[in-house]
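The values are calculated or read from the model by the stated rules, or taken from the named source; none is laboratory data. Worth saying up front: this structure is predicted, and the values here are computed from it rather than measured. Glycine also receives a Cβ, built like all others from the backbone with ideal geometry; neighbour counts cover every protein chain displayed. Surface accessibility is based on the protein's heavy atoms, side chains included, excluding ligands, DNA and RNA. Shrake-Rupley method; radii C 1.70, N 1.55, O 1.52, S 1.80 Å.
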Amino acid sequence: MNSFIYDIPTRVYFGENQLGNLGAELSKYGKRVLLTYGGGSIKKIGLYGKIVEEVKKAGLELFELSGIEPNPRVSSVNAGADICKKENIDVLLAVGGGSVIDCTKFIGAAAFYDGDAWDILTQKVTVEKCLPIIDVLTLAATGSEMDCGGVISNPETKDKIGLLFPVMQPKVSFLDPTNTYTVSKYQTACGAADMFNHILEVYFNRNQDLYMLDTVMEGLLKTIIKFAPVAMAEPENYEARANLMWTSSWAINGFVNGGKMQAWSCHPMEHELSAIYDITHGLGLAILTPRWMEYTLDETTVSKFYQFGCNVFGIDPKLDPMDVAKKSIEMVSEFLFHTLELQNSFTEIGIDTSNFEVMARKAVMLGGLAYAFKPLNEDDVVNIFKMCL
Ligand code: NZQ
Ligand code: ZN
């Protein structure tokens with residue numbers, strides 16, 4: 001087991017009726033607030049009005065950037081950074097899903113840089129400072145509310161790049177499950193697929209590990225399997241929405257990582273898909289996940305699949321380990337494509353073979369797939385893509 005530092009410096013206000021604390025939290029960082037949000041869902045659900053009221057009540061000055069896209073673009077980062085510089089913004093208030101929070105993180109960083117924010121993503125310049133970020137989460141999926149990462153797209157270069165900088169960690173996150181009641185069945189399913197995969201990316205590893213963390217991850221996976229279908233069937237089921245929301249944060253906030261030194265597998269591949277085809281991140285992951293599992297299953301990896309199958313899906317441990325492993329992959333497909341009702345192939349969502357090589361090259365280069373659970377080269381990635389057709 002590797003040594004590690006545990007440090008998750010985000011204060012979380014979890015549950016209903018916590019927005020009364022927003023003004024005081026914002027005020028700790030200054031008077032001039034930039035509110036960032038997406039295409040308008042926060043207005044439809046009545047959250048916008050409540051936020052404006054709290055900000056005004058605290059005597060703060062409010063500026064706005066709206067229209068942040070799903071798979072947020074660097075143009076939005078630049079637009080936000082311009083407002084920060086022009087208006088001397090003190091603190092950022094991101095209200096939305098992962099896209100809004102990710103974009104806001106890079107706005108906070110780009111506020112201290114005079115060039116194109118894309119220079120940050122391509123690592124021409126590094127990030128040492130970031131404006132403080134407070135968020136109100138409206139979609140349980142990415143965990144951006146409690147991690148220091150963000151993913152930004154550039155439609156001109158067809159790149160989508162994710163980076164982590166500790167200074168971009170949100171200072172405060174407001175996690176009210178009722179704010180996710182209006183998330184569509186489809187986005188709920190995509191969010192569940194995303195957090196499910198975040199856990200698998202860490203769970204499937206070859207490091208000597210803490211048994212305790214594996215057990216926590218199995219519990220998180222079981223929570224998603226139990227509550228995602230409930231939230232889809234009953235969008236206003238508080239228990240289901242609350243369990244999903246807290247799972248999304250803990251899947252990726254660093255806790256379950258416990259010092260493991262391994263590159264992720266499906267995420268680098270998916271980011272190339274959404275870079276070119278602008279698909280929903282969780283959907284891309286859902287299609288890739290069982291194929292990646294099938295591709296990585298062999299005599300050297302079977303024991304982890306066996307553990308997963310027995311402990312997460314309750315498959316009979318007396319069965320042959322390889323049979324348990326194969327059955328576990330079938331159960332993952334069953335969950336993603338039947339229970340969550342997600343489309344199950346590239347063909348169904350209009351992706352053909354034409355970009356496989358270029359996407360594989362970038363996924364290996366940017367994602368460090370040579371250091372993944374099963375090391376993957378460009379040919380391996382193309383093979384996995386072909387399995388998804
Ligand atoms: O734009 P609005 O109008 O707000 O609508 C959004 C958007 O259309 C809608 N939505 C959000 N909350 C809602 C709602 N609709 C109704 N009611 C609500 N309460 O949902 C749509 C999708 O929103 P988005 O923020 O794009 O989804 P998600 O949270 O899944 O974020 C996806 C982005 O995060 C990145 C992904 O790559 C993708 O770009 N990721 C970020 C990570 C991180 N920061 O750690 C890790 C992830 O692996 C992921 O890569
Ligand atoms: Zn993800």
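Summary table
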item: Within region 123-150, considering residues that are touching a Pro at 6+ places or on another chain (Cβ under 8 Å) and among the β-branched types (Val, Ile, Thr), the one nearest to ligand 1 (Cβ to nearest atom); result: 133
item: Residue in region 289-312 that is within 26 Å of residue 184 (Cα to Cα), assigned by TED's automatic domain parsing to the domain that holds residue 367 and part of a loop (DSSP other than H, G, I, E, B) present; result: no
item: So residue 277, is it in the same structural domain as residue 306 (by TED's automatic domain parsing), of a type in the set (Ser, Thr, Tyr), open to solvent by 40 Å² or more (accessible area, probe 1.4 Å) and in contact with a helix residue (DSSP H, G or I) (Cβ under 9 Å, 6 or more places away or on another chain); result: yes
item: Residue match in region 144-160 (condition: in contact with a strand residue (DSSP E or B) (Cβ under 9 Å, 6 or more places away or on another chain), more than 24 Å from residue 18 (Cβ to Cβ), open to solvent by less than 30 Å² (accessible area, probe 1.4 Å) and basic (Lys, Arg)); result: yes
item: Strands (runs of 3 or more DSSP E) wholly inside region 1-98 containing at least 3 residues that are within 24 Å of the chain's Cα centre (by Cα); result: 11-14, 32-36, 91-96
item: Residue that is farthest from residue 375 (Cα to Cα) [pool: residues in region 278-313 that are within 13 Å of ligand 2 (Cβ to nearest atom) and aliphatic (A, V, I, L, M)]; result: 279
item: Region 171-212: number of residues that are more than 9 Å from ligand 1 (Cβ to nearest atom) and in a loop (DSSP other than H, G, I, E, B); result: 9
item: Qualifying position, being closer than 25 Å to residue 4 by Cβ and open to solvent by 10 Å² or more (accessible area, probe 1.4 Å), among 179, 207; result: 207
item: Pairs, first outside the structural domain of residue 164 (by TED's automatic domain parsing) in region 101-115, second open to solvent by less than 10 Å² (accessible area, probe 1.4 Å) and modelled with pLDDT under 95, C-beta under 7 Å, six or more apart; result: none
item: Check on residue 225, of a type in the set (Val, Ile, Thr), within 16 Å of ligand 1 (Cβ to nearest atom) and open to solvent by less than 50 Å² (accessible area, probe 1.4 Å); result: no
item: All positions within region 243-272 that are within 9 Å of ligand 1 (Cβ to nearest atom) and open to solvent by less than 10 Å² (accessible area, probe 1.4 Å); result: 248, 270
item: Residue count, region 293-310 (criterion: open to solvent by 50 Å² or more (accessible area, probe 1.4 Å) and either within 24 Å of the chain's Cα centre (by Cα) or among the hydroxyl-bearing types (Ser, Thr, Tyr) (or both)); result: 5
item: Residue count, region 370-389 (criterion: within 17 Å of residue 297 (Cβ to Cβ) and in contact with a strand residue (DSSP E or B) (Cβ under 6 Å, 6 or more places away or on another chain)); result: 1
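Rundown of residues vs (1) in the same structural domain as residue 54 (by TED's automatic domain parsing); (2) modelled with pLDDT under 95; (3) part of a loop (DSSP other than H, G, I, E, B); (4) away from ligand 2 (no atom under 16 Å from the Cβ), yes/no style:
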position: 120; (1), (2), (3), (4): yes, no, no, yes
position: 125; (1), (2), (3), (4): yes, no, yes, yes
position: 130; (1), (2), (3), (4): yes, no, yes, yes
position: 153; (1), (2), (3), (4): yes, no, no, no
